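> Next up is a structure, given as structure tokens.
Bear in mind that the values in this text are calculations on the coordinates, not laboratory data. The structure displayed is predicted, hence computed values, not measured ones. In this analysis, Cβ positions are derived from the backbone assuming ideal geometry, glycine residues included, and neighbour counts consider all displayed protein chains.
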Amino acid sequence: MSDFLLQNINLILPIFLLILGYTAGSIAERRHYRSIERREQEFLALPAVTLRDVESSEEVSGQLVIGNVVISIDYFKRALAILRNIFGGRVASYESLVDRARREAILRMKEEAAKAGAHIVVNMRIETSSIGQSANRKKQIGSVEAIAYGTALIKQV
Amino acid sequence: MKFRPKQANGDVNVPKTHPLVEMAWLAGGLALIIASIYLFLTFLTGWIVAVLPVEAEVWIGKKILQNDPGMPCEPLQKRLNDLVDYLPQDSPLRKYQFSVRVVDSNLVNAVALPGGTIVVFSKLLKEINSENELSMILAHELGHYAHRDHLKRLGKGLIFGAASWFIFRDSSQPLLMPFVVVMDARYSQAQEEKADLWGLELLNKRYGHVGGAVDFFQRLLEKKDVGKLTHFLASHPHPKKRIEKLVSTARNKGYPIGKTEPIGEDIKEFLEKCCSKPLPKSED
């Protein structure tokens, strides 16, 4: 058996990594989504909007709040994306990563805003950073990064 | 109007298809495409090889092998020439200038190189007990020339490598490997079996019987407990399968099984003189 494994390591290693990537990746994704949904519900009363000019009858002060996140792809998602690159079409395996990264970044930004005692975040922007530009390239680690920032408005008392 | 925060449905950005379903579709599609390309190339190289004259093959062989590997072996050459003498006068194999060379190695194997050079590894030579076994091995290699397997392998390797590079810009694409490894192993095993049967026929012509044809595989089987699984992806069929096929063919064709001749002193002398230095241990 060990002979067979050694002789066909080129065949077995990718299969092993695919299974590992799928199992670990799915578990991580499911847990992450559960956490995202719970926290989104928690911060429902603290809206983050993209409006720049907000009129307020009360006196408020602004504070920059930032949330950022980096999520790595797994071997399975990468393999799926490579196959997708051959045939074309939606790279669905990366879409959930983008979704998670965006929502997580906003949540972290909201967390910071909540700590500062804000009641709303205005002029929110979302950007991506570029550590993972090398995603999909051989022997490079791919990841999705999102940075959400905005102005937290805090009522003055 | 009072602002009421509401949880938005985040599902729009999450794909609905299950990743495993997508993987099955994409991998299945790719496997189908590769299988078609593989079959097409097999057919194409088969056709090219069939029309390629022996002279061209010898020329290719010389281009590939700048230097002949190993050392010449007079006793083996004599036995190979004896075998070639038993080929029909119109056999295309008569156009070759066959030469046998011995490479001092722990591999129990022999290889047919393009152009007519047969390489026998010294460990294989040491394992052989009788003249008949030796002739069977040489006849098996001649069988590869008769079917031009070495050329098909070479041609397909070249074309497939080029095609893979063209599609993926990388000839060692890991995603491609599993398909090719499995298909190549199946193809190679089929070639080996055909070469075995061709060799058996020549052995019968040479000695008037096929005694000793399976002795070598029998010992290989007894010596090592080789699993069926290990052999699914190997280049050669499982020894047990080879023995069964050879025995049933000999029975069907009515080949008699005679007494084997012990291996000649000249081979032993050659081994002692040229391949007596100890070799590093290996799995084989």
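> Which shape class applies to segment A:2-155: rounded if a/c is under 1.5, otherwise prolate when a/b exceeds b/c and oblate if not, where a ≥ b ≥ c are the square roots of the Cα gyration tensor eigenvalues?
Numbers: a/c = 3.51, a/b = 2.70, b/c = 1.30.
In terms of gyration-tensor shape, prolate.
> Pick out which of A:I86, A:I73, A:I27 has the largest mean-square fluctuation in a Gaussian network model of chain A, springs linking Cα atoms closer than 10 Å.
Looking only at A:I86, A:I73, A:I27, the biggest GNM fluctuation is shown by A:I86.
> Given a 10 angstrom Cα cut-off, can you work out which residue in A:I15, A:I36, A:I120 is the most mobile in a GNM of chain A?
Judging by the Gaussian network model, the answer is A:I15.
> Sort B:M136, A:M109 by Cβ crowding within 10 Å, fewest neighbours at the top.
On the way: B:M136 29, A:M109 26.
Fewest-to-most Cβ neighbours within 10 Å comes out as A:M109, B:M136.
> Okay, moving on. Under 15 Å from the Cβ of A:I19, count the other residues' Cβ atoms, weight Lys and Arg +1, Asp and Glu -1, and hand me the total. Don't skip to the end; give the middle numbers.
Details: positive: A:K77, A:R78; negative: A:D74.
Once all neighbours under 15 Å are counted, the net charge is +1.
> Which of A:E55, A:E42, A:E145 moves the most in a Gaussian network model of chain A with Cα springs under 10 Å?
Of A:E55, A:E42, A:E145, the most mobile in the Gaussian network model is A:E55.
> By the gyration tensor of its Cα atoms, with a ≥ b ≥ c the square roots of the eigenvalues, what is the shape of segment B:51-99: rounded for a/c under 1.5, prolate for a/b over b/c, or oblate? Mind showing how you got there, number by number?
Working: a/c = 4.68, a/b = 1.07, b/c = 4.40.
It comes out oblate by the Cα gyration axes.
> Which of rounded, prolate or oblate describes the protein assembly as shown when judged by the alpha-carbon gyration tensor and an a/c cut-off of 1.5? Don't skip to the end; give the middle numbers.
Working: a/c = 3.73, a/b = 3.45, b/c = 1.08.
Taking the square roots of the gyration eigenvalues as a ≥ b ≥ c, the protein assembly as shown is prolate.
> For the pairs B:K63/B:K126; A:K110/B:K2; B:K63/B:K245; B:K223/B:K253; B:K194/B:K253; B:K95/B:K205, flag any whose C-alpha to C-alpha distance is greater than 26 Å.
Working: B:K63/B:K126 31 Å; A:K110/B:K2 21 Å; B:K63/B:K245 37 Å; B:K223/B:K253 30 Å; B:K194/B:K253 15 Å; B:K95/B:K205 20 Å.
With Cα atoms farther than 26 Å apart: B:K63/B:K126; B:K63/B:K245; B:K223/B:K253.
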